[in-house]
1. Give me P(r) over the stretch 139-180, computed from all C-alpha to C-alpha distances, binned every 5 Å, as integer percentages.
2. Cα convex hull of the stretch 16-116: how many Å³ per residue?
3. Whose amide H sits under 5 Å from the amide H of T138, counting only residues 5 or more places off or on another chain, with H placed in the peptide plane?
4. Find the Cα radius of gyration of the chain, compare it with 2.2 N^0.38 Å by division, and give the number to two decimals.
5. What are the residues whose amide H is under 5 Å from the amide H of G11, where those residues sit 5 or more places off or on another chain and H is modelled from the backbone?
6. Using Stokes-Einstein with the Kirkwood hydrodynamic radius over Cα pairs, what translational diffusion coefficient do you get for the stretch 7-67 at 25 °C and a viscosity of 0.890 mPa s, in µm²/s rounded to a whole number?
7. Over the stretch 13-155, what is the percentage of antiparallel beta bridges among all DSSP beta bridges, to the nearest 5?
Amino acid sequence: LKVAVMVSGRGSNLRALQEEAPEQGYVITGVVSNNPTAPAVDYARDQGLAVRLVDHRRFATRAAFEETLATALDDLAPDIIALAGFLRVLGADFVGRYQGRLLNIHPSLLPAFPGLDTHRRALASGARVHGATVHLVTDAVDGGPIIAQAGLTVIPGEPPAALAARVLALEHALYPYVLGRWARGEIADR
Ligand code: GRF
């Protein structure tokens, strides 16, 4: 299974995906970033991965940005595309082009807490469970079909940063697990 990973920032999920690839039976064929200075890009280069930079600031329209993004992706010939901290919302044309093989990881138990700042919101709501979700991307932001989730028990009063770190550790186990299952043909309901 050939995987292209799309990133914008820190890249800790990219690292987890890369480290678990041999064990899980997929290969990362390249990384696409809209942010040339993302730490994720440095990591990808250190690993010898193909890197394609598509800086959204250089495009007048989202359509033009996404067309170039798609060309960069198609160049990597992925079977599946994993968004890992990719911070641009993708339009319906782009999403439709990769329908059924575009995945995202989100730091909450969707459908709870779509959008940003999920850990603080989970704590403020009094939620007792929280976690991470891998889902198919559709043009409904954080609203596509759920593939897998990992959860934990919220410790009342814990700082949002502590909760965030605990959820991130779950993400790093969940995302490679999902791609491994995908590679083995074990995800049928999509
Ligand atoms: C993760 O929390 C992920 O769930 C969210 O963005 C963050 C990316 O972190 N979509 P990293 O760049 O993988 O470290």
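1. With 5 Å bins starting at 0, P(r) equals 5, 18, 23, 19, 20, 12, 3, 0.
2. Considering the Cα atoms of the stretch 16-116, their hull volume per residue is 125 Å³.
3. G143, G144
4. Compactness ratio reported: 1.00.
5. A40
6. 199
7. Of the beta bridges lying entirely in the stretch 13-155, close to 65 percent run antiparallel.
Where a number appears in this text, it was derived from the coordinates with a stated rule and is not lab data. Source: prediction; values computed, not measured.
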